[in-house]
Amino acid sequence: MNEPIVIKELKCEYLTNPLGLDVVKPRLSWVLESDKRGQKQSAYRIIVASNTENLEKNHGDLWDTNKVSSDQTNHIIYKGGELKSEMSCYWKVMIWDKDDQPSKWSKSVMWTMGVLNPSDWKAKWIGGSPKKRPSLIKRRLKKKSTPCPLLRRKFKIDKKISRAIVYVTALGEYELRINGKKVGDHIFAPEWTDYKKRVQYQTYDVTDLLKEGENVIGAILADGWYAGYVGPGIPINHSFYGVNLRLLMQLKIEQLEGSKKEIVTNSSWKIYEDGPIRRADHFMGEIYDIEKEQIGWDENKFDDTGWQAVTVDNSIVIRCVAQLNEPIRIVKEIKPIALTEPKPNIFIFDMGQNIAGWCKIRLGKSNCNINSPVTLRHGEMLKPDGTLYTTNLRTAKATDKYIINHIEDREFQPHFTYHGFRYVEITGLKTNIKINLDMVKGCVISSDTPLAGMFESSDSTLNKLWQNILWTQIDNLISVPTDCPQRDERLGWMGDVQVFGQTSIFNMDMASFYSKWIKDIRDSQREDGRFADFVPYPYKRGPHLKMIGAPAWADCGVIVPWQMYLNYGDKRIIEQHYESAKRFINYVHSKNPKLIWKKKRGFDYGDWLNGDKIKDKSYPKKGGAIPKVVFATSYFAHSAELLSKMAGILGKNEDLKYYRNLTIRIKEQFVKEFISKEGEIKGNTQAGYALALYFNLLPKELLSKTVLHLINAIERYNGRISTGFCSTLKLMLELARWGHTKIAYDLLLSRKFPSWFYMIDQGATTMWERWDGYVEGRGFQSKWMNSFNHYAYGSIGEFLYRIILGINFDENEPGYKHIIIKPLLGGDLTWVRGHYNSIHGIIKVEWSIVKDNFELIVSIPANTTATIYIPAKNLESCTESKKPIKGIEIVSFEENVVCVKIGAGQYKFRTELP
Ligand code: BGC
């Protein structure tokens, strides 16, 4: 029997019940679930009310759309009464199905508005007495670390509370505490933005933490991205945004009988600058001294007479915006799987997984010596003698220290640092005690984006590859998409994101994460139109200033917004970003009027870490690197083309014509300048062919010749890969597109170095930065750049979803309103199953080969349609749910592939394989 249609996943601005929005026309969405074939929405009605009673009575005092004929379930723009600061909005939706049958009301959800106007901030920025930013010379020496300040304020509530909401942010990062408890579970709030332009505030409901009578609110502040180390190498790379840590907070208390009370940061607060967190830095680690604890400082009974008055800092002028991306949280706790003692009293715990985060550790009189620290050092790999390998962390110390006295054992963890590690080395424990695995736990931190995808197959190494890619993503979503979590770098490298973007979206719901980061991209854009190579971009002077505008890196400023449109149908992102993208293309164009991108390529990384960077006797020294001008021009054509499409979507017809024409001319120039009549592309590299094909730069008559050159270029490498970050996935997708399935699968499943499986055979639990990060016999690659947790080569995840499972979006009906399912069988795979939870609901694919038969089970979400391509020997033997396939709309049967069009529902196809 058909279950009634269910309305699920009600979201506002991509978030469930968000607090503190600053979008005055927020967008609402939901997902429909039904097992009825072809089920659709024909109309909806949304009610938004200012309180729950009104909502229950169906009284939409803010907005009642009444019945709207529409199949839209996403990005419905709120058009009700004006939304003001701190308002609460409760809403629900009902829909009418394809037969005009009404559904029940959805469950009720809500959002609240944040602090919309600067003048609504009654709070003042407060902190310690002002310090001067050290001069360049001093900064070059070493950062002086100071203890994390504690701030507090006592206040009284004399009536019963109905609700209490706190809005808070910091320059630096904060942990907010009320009556001895941490507020919320956010880590590193307010997270990373360009603090010269924007800082995010967070909103928490703290009703349950407050009580009638005396209360205490307090905060710990730390350097974070604001004042701590950021980016590679030299000691000078810290305090980019400032040195004075500041807190801004306002607490709004509503009392039962209607009166309101406000507690804000101002001169009535006190500060203590000699607390137990002696040093905290993302790269360096944290030092905790228990003797310095101010026991009970965040509670009422504490005597703060020794504390100082805070400084009220009126010099700060900065825009406070709501955080609309999922906060960083501890997303998982893991137990170590092994313990070794490679040298006396040096213990190494193996977490079994390369993670970003830290350790929780039990310490106290049972295992610590008085006044001598217990030290935790973190690393991704071990040296051959079993001791910790930390050379690849460069200047990041990744060291936590605890100075403990004779206390009862308790659990410790750092607050304001994180490490990229699989192994933790612990020293300084009492000797002659038994150390066991239970002593530590690994805390995995990540921006808490929901999982969206899954992949599983008959090949266990391929499954491990998928898991490693996912782990690499988890470890590198730390407010921004970082290149790596371990060394002194951890930057939002744009080149890496533009190749990994689509995979990241399959794995997780990235809509709000990228919405935030795309704003960061705009904040980093230069006046002249260039996007930075990594984002946020904190540099004001020095050698890194040149790290702007590089081909493929800067292009991410066009590509990722476009991916948001394709995957989520997000038109607003395109609207907001269009002028920025245009300025970038115009810049490149103005410097290169002949349309070959020769000039102004900044740091010009090219196809980063391609085969020519591999150090191995068995591997060709040269022949992998695509000439940089070819590389750059191919990206120029691609970005110009995406811009023209954006213009089309926004109805900017003049621009559409102009940029379409520009694209055609760049492509023509590309062919003229770089391609011979025989289809050979300058440099004759795998990468060159992959990019030219993938970006559709070639006229029809050259296509088959170019594909042949690509095949030859792979043969020249004895069936091995020679591509770098920006071309590897494209090579694989193009092999699949042009029918070279066997070569694609051979490369994917190859255990021969360099390959994905090679990393796994060496024990990788995350993706490596380099194909040859570690080679048996030779050892580690360059100590300067050798991360074992870098997602760029994980871009192959897209191949797993789009080619093997076969789940594809349709550019003409973005956001998976229309879905294309086209699995490509190959390798020795006998079965594959997986899913993608799209913005329209969950798309499932499962296929298997049993002898000569092929079975494909697909689930298509309600309110969408799909086109399915199924390999088949003939039409006659094809069935769907055991009935002849004829009952379904057949679009075509060509070259042993039957193509059908279906509506929502579950389908089970069976065919005879050709
Ligand atoms: C980063 C990369 C990045 C590159 C730019 C490296 O240090 O780790 O992932 O894309 O620099 O060339």
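If you take all other residues with their beta carbon under 15 Å from the beta carbon of Arg601, and give Lys and Arg +1 and Asp and Glu -1, the sum is +4. The three principal axes of the C-alpha atoms in segment 759-914 carry coordinate ranges of 62, 36, 22 Å, sorted with the longest axis first. Short-range pairs are left out: with C-alpha atoms under 8 Å and at least six residues apart, the relative contact order of segment 627-711 is 32 percent. In angstrom, the C-alpha Rg and Dmax of segment 588-735 are 15.9, 55. Per 0.36 nm of contour for each residue apart, how much would the distance between Ile407 and Gln467 grow if the chain were fully extended, relative to their Cα-Cα spacing? Stretched out fully, the Ile407 to Gln467 stretch lengthens by 17.5 nm. Think of each Lys and Arg Cβ as +1 and each Asp and Glu Cβ as -1; about the Cα centre, that makes the dipole of the chain roughly 2440 debye.
Inter-label distance, Gln906 to Asp303: 6.9 nm, where each label sits 7 Å from its Cα along the C-beta direction. With R₀ set to 41 Å, the beta-carbon distance separating Asn661 from Asn117 gives a calculated FRET efficiency near 0.40.
On the beta carbon distance between His59 and Ser366, with R0 = 60 Å, the FRET formula returns roughly 0.45.
Taking the accessible area of the chain, probe 1.4 Å, and keeping the other protein chains in place, the carbon and sulfur fraction comes to 50%.
Ligands, DNA and RNA are left out, and with a 1.4 angstrom probe the accessible area of segment 584-683 is 49 Å² per residue. Using 0.36 nm per residue and subtracting the Cα-Cα separation, the extra length available between Asp71 and Ser704 on full extension is 223.7 nm.
Report the relative contact order of the chain, percent, no decimals, based on alpha-carbon pairs under 8 angstrom and at least 6 residues apart.
10 percent
Once the Cβ-Cβ distance of Asp616 and Asn684 is raised to the sixth power relative to R0 = 25 Å, the FRET efficiency obtained is 0.70. So for segment 1-115, what percent of the C-alpha to C-alpha distances run longer than 19 Å? Tail fraction, whole percent: 42. The simple spin-label model puts a point 7 Å past each Cα toward its Cβ; for Arg716 and Asn432 those points are separated by 6.9 nm.
Going down the table (Lys516/Lys672; Lys752/Lys851; Lys441/Lys617), which pairs top 31 Å between alpha carbons?
On the way: Lys516/Lys672 40 Å; Lys752/Lys851 29 Å; Lys441/Lys617 41 Å.
Beyond 31 Å between Cα atoms: Lys516/Lys672; Lys441/Lys617.
Once all protein chains are placed together, Glu889 keeps about 110 Å² accessible to a 1.4 angstrom probe.
Remark: segment 342-490 carries 32 Å² of accessible area per residue (probe radius 1.4 Å; ligands, DNA and RNA excluded).
Accessible area per residue for segment 127-235 is 39 Å², calculated with a 1.4 Å probe on protein heavy atoms, without ligands, DNA or RNA.
Assigning unit charges at the beta carbon (Lys, Arg +1; Asp, Glu -1) and nothing else, what dipole magnitude in debye, to the nearest 20, does segment 156-212 show about its Cα centre? If you can, show how the numbers build up before the last one.
On the way: 11 positive and 9 negative charges, 49 e Å.
The calculated dipole for segment 156-212 is roughly 240 debye.
Around Asn696, with a cut-off of 9 angstrom between Cβ atoms, what is the net charge of the other residues, counting Lys and Arg +1 and Asp and Glu -1? Cβ neighbours under 9 Å give a net charge of 0. Stretched out straight at 0.36 nm per residue, the stretch from Ser88 to Asp35 would grow longer than its current Cα-Cα span by 15.6 nm.
Output the pairs from Lys107/Lys182; Lys92/Lys260; Lys124/Lys252; Lys124/Lys156; Lys600/Lys667 with a Cα-Cα distance over 26 Å in this structure; if there are none, say none. The answer is Lys107/Lys182; Lys92/Lys260.
Pick out, in residue order, every one of the GluC sites (Glu not before Pro) in segment 676-706 that is DSSP loop and has at most 16 other C-beta atoms within 10 Å; say none if there are none.
On the way: sites: Glu678, Glu680, Glu701; in loops: Glu678, Glu680.
Here the GluC sites (Glu not before Pro) that fit, given the DSSP loop and packing criteria, are Glu678.
In Å³ and rounded to a whole number, note down the convex hull volume per residue for the Cα atoms of the chain.
On the way: hull volume 164.6 nm³, N = 914.
Here the figure is 180 Å³ per residue.
Rounded to the nearest 20, the size of the Cβ-charge dipole of segment 777-914 about its Cα centre is 420 debye, with Lys and Arg at +1 and Asp and Glu at -1. Here each label is just a point 7 Å from Cα along the line to Cβ, and for Ser590 and Lys156 those points are 6.4 nm apart.
Other residues with beta-carbon under 11 Å from the beta-carbon of Asn896 carry, at +1 per Lys or Arg and -1 per Asp or Glu, a net charge of -2.
The values are calculated or read from the model by the stated rules, or taken from the named source; none is laboratory data. Computed from a predicted structure; not experimentally measured. Note that each Cβ is placed from the backbone with ideal geometry, even for glycine, and that neighbours are counted across all protein chains shown. Ligands, DNA and RNA are excluded from the accessible area calculation, which covers all protein heavy atoms including side chains. Shrake-Rupley method; radii C 1.70, N 1.55, O 1.52, S 1.80 Å.
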